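Right, one structure below, let's go through it.
The values are calculated or read from the model by the stated rules, or taken from the named source; none is laboratory data. These numbers come from a predicted model, not from an experiment. When we count neighbours, we look across all protein chains shown, and the Cβ atoms used for this are built from the backbone with ideal geometry, even at glycine.
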Amino acid sequence: AIRRRPKFSRLLVICAIGAGGVLAYADAKSDHSFDTPGTTNKKKLVVLGTGWAGTSFLRNLDTSQYDVQVVSPRNYFLFTPLLPSVTCGTIEPRSIAEPIRNIMQKKGEKIQFWEAECDKIDPINKKVLCRSNVCTNSDGKGEFALDYDYLVLALGAKPNTFNTPGVVENCHFLKEIEDTQRIRRSVMNCFERACLPGLSDEEKRNNLHFVIVGGGPTGVEFAAELHDFVTEDLAKLYPTVKDLVKISVIEAGEHILTMFDKRITEFAEEKFQRDGIDLKTNFKVVKVTDKDIIMTNGSSGEVSVPYGMVVWSTGIGTRPVILDFMKQVQQADRRVLATDEWLRVPNCDGVYALGDCATISQRKVMEDIAAIFRVADKDYSGTLTVKAIKDVLKDICERYPQVELYLKSQHMKDFVDLFSDENGNALKQSKELDIEVFKKAVARVDSQVKMLPATAQVAAQQGDYLAKCFNKMKICEEQPEGPLRIRGSGRHRFHPFRYRHLGQFAPLGGEQTAAQLPGDWVSIGHSTQWLWYSVYASKQVTWRTRFLVMSDWTRKFIYGRDSSCM
Ligand code: FAD
């Protein structure tokens, strides 16, 4: 028999549904009104990008002061330094991605997020034109324009192929989370292909030849990670082909890891040699076909080498949307978008650029060097001493991360020569130096500085700096004459951006890492690997990802890496 429900309880259910509906409607209404940007009196701030620079900016921004809209094709923040670990299954992809909406919600203020790509920046009408990448209808839906009062460009960069034929079609890049998954699948496919019946030893060898182009930190870390994966995990699963595996690193320069101290470079090169990783330095890749990689080292003509998989990691290039913007702001002759020391794009009202998509203008660097240099020259009564020059360089390094990194690299021979006698001994403090020699050395540094890669550290510090400026912007507008201490001095109301170098890691595999720490401290070995674990765990943006990353490391220690090919 069916028990009849009493009438009052039915009433209760109807009321509950009704109340729920009203609440849902109210919520939808409030969300809807929230969905209409520009309805407040606040200044409109549009942020492009949710990477290191954009996320650091948003996390530190007082969002109650602005009508904030964020546009990015990626609805999550990605912890890029751990990308190489994802390629071989040490870390799972989701462990290093934090939804951007989670990060924004934690701030308590409402920020609009649009999962879309900015196609064009219109600095004259103060608009950005965007296209959704989840709604690609041909009727134009999914395309929209946003007005801004302030625009923060944090779009990052794209992999640089130097227009080498066949790279885009045949190589993997290591930049996004999708790249890591493709690489992981490709590694496993190479092993499975090599195990198929009927293949000659040569064919197996070709399938198991893994080539990494670029001996920078990313290429080296990936090579080391792959070597560990092969020796610690895959060798047990594929015993018949394990001895046919070859890993090659191709580098156009004389050495790998040139931005690090010479001791680190030497250690890495020796370790790779011991591990059987083939280092091909002074080789330039000129073409990649679907089966072969063609390279030249100048003297011996072209060499063609068959491969199973190639990972291309030769640095970064400017995104098309930034190139187009550079044409509009008279920077077409430059390689990277230039800003001043306050991260403002010159001649472009309300536009700021940070992270990998921009660089502090080299011209400005040179002007600053010249200015500091003049002061130093005057202060030291026309004669430059080593001490004076060291002071000058210290000041420049504080302002410009690229110069600091360059000066710490093994290629600062010009400066080392200046500071030491012919036996390599440091010169005495009082020794006078030829001003012209110094100027030439500075010019040489300037030309090299442009080649240096950008880092997450710089991007995050710039985001933090710019957010602090934005937080004070209102007070500055209300009191345009500025705080008492700088009134009438003609000084800018904010400090210029100053980079603080906190050190750099280079994981080399076999639970060994090299670190170059502030004060030119170099540390290499197993203990540094533990420092690396603790720094990267502490740098995670949320406790969730911190826990996931640490549990992935633990899982790897207990069970090894996952070799399933999904
Ligand atoms: P990104 O972090 O790349 O972010 C760019 C953002 O812009 C992304 O959200 C992207 O989706 C978005 N975007 C792109 N195009 C558009 C568009 N048209 N419209 C709107 N949004 C757009 N640095 C270190 O300091 N230490 C390391 O150990 C280290 N390891 C690395 C390892 C790897 C494999 C890689 C690839 C990089 C590594 N880096 C490291 C460098 C570091 O990741 C970058 O310097 C850093 O990500 C730069 O930050 P960014 O915010 O400028 O750019």
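Do we find that residue 121 is at pLDDT 95 or above, more than 18 Å from the chain's Cα centre (by Cα) and hydrophobic (A, V, I, L, M, F, W, C) in this structure? It is true that residue 121 is at pLDDT 95 or above, more than 18 Å from the chain's Cα centre (by Cα) and hydrophobic (A, V, I, L, M, F, W, C). For beta carbons closer than 6 Å, sequence separation of 6+ or different chains, a first residue in the range 39-62 that is of a type in the set (S, T, N, Q) and a second that is within 9 Å of the ligand (Cβ to nearest atom) and assigned to a helix (DSSP H, G or I), the qualifying pairs are 50/100; 56/460; 56/463.
Residues that are buried (at least 16 other Cβ atoms within 10 Å of the Cβ), away from the ligand (no atom under 12 Å from the Cβ) and either of a type in the set (Ser, Thr, Tyr) or on the phi < 0 side of the Ramachandran plot (or both) within the range 161-181 comprise 161, 164, 167, 170, 171, listed in sequence order. Within the range 324-336, being crowded, with 16+ Cβ neighbours inside 10 Å and within 16 Å of the ligand (Cβ to nearest atom) holds for 325, 326, 336. Cβ separations smaller than 6 Å between residues 6+ apart or across chains give the following pairs from the range 311-331 residues that are part of a helix (DSSP H, G or I) to residues that are modelled with pLDDT of 95 or more and within 11 Å of the ligand (Cβ to nearest atom): 321/118; 325/121.
Only one of the listed residues (112, 69, 65) is touching an Asp or Glu at 6+ places or on another chain (Cβ under 9 Å), more than 30 Å from residue 507 (Cα to Cα) and not aromatic (Phe, Trp, Tyr). That residue is 112.
Being of a type in the set (S, T, N, Q), surrounded by fewer than 24 Cβ atoms within 10 Å (Cβ to Cβ), within 12 Å of the ligand (Cβ to nearest atom) and modelled with pLDDT of 95 or more is the requirement here; does residue 55 meet it? So residue 55 fails the test.
The residues of the range 274-319 that are out of contact with any Gly (no Cβ under 7 Å at 6 or more places or on another chain), among the hydroxyl-bearing types (Ser, Thr, Tyr) and within 16 Å of the ligand (Cβ to nearest atom) amount to a single one, 318. Could you tell me whether residue 98 is part of a strand (DSSP E or B) and either closer than 20 Å to residue 337 by Cα or in contact with a Cys (Cβ under 6 Å, 6 or more places away or on another chain) (or both)? For residue 98, the condition - part of a strand (DSSP E or B) and either closer than 20 Å to residue 337 by Cα or in contact with a Cys (Cβ under 6 Å, 6 or more places away or on another chain) (or both) - is not met. The test for being in a helix (DSSP H, G or I), of a type in the set (A, V, I, L, M) and within 16 Å of the ligand (Cβ to nearest atom) does not hold for residue 121. Looking across the range 111-128 at every residue that is hydrophobic (A, V, I, L, M, F, W, C) and either crowded, with 16+ Cβ neighbours inside 10 Å or not assigned by TED's automatic domain parsing to the domain that holds residue 42 (or both), the one that is nearest to residue 315 (Cα to Cα) is identified as 118. For the range 257-264, the criterion of a residue being modelled with pLDDT under 95 and under 28 Å from residue 92 (Cα atoms) is satisfied by at least one position.
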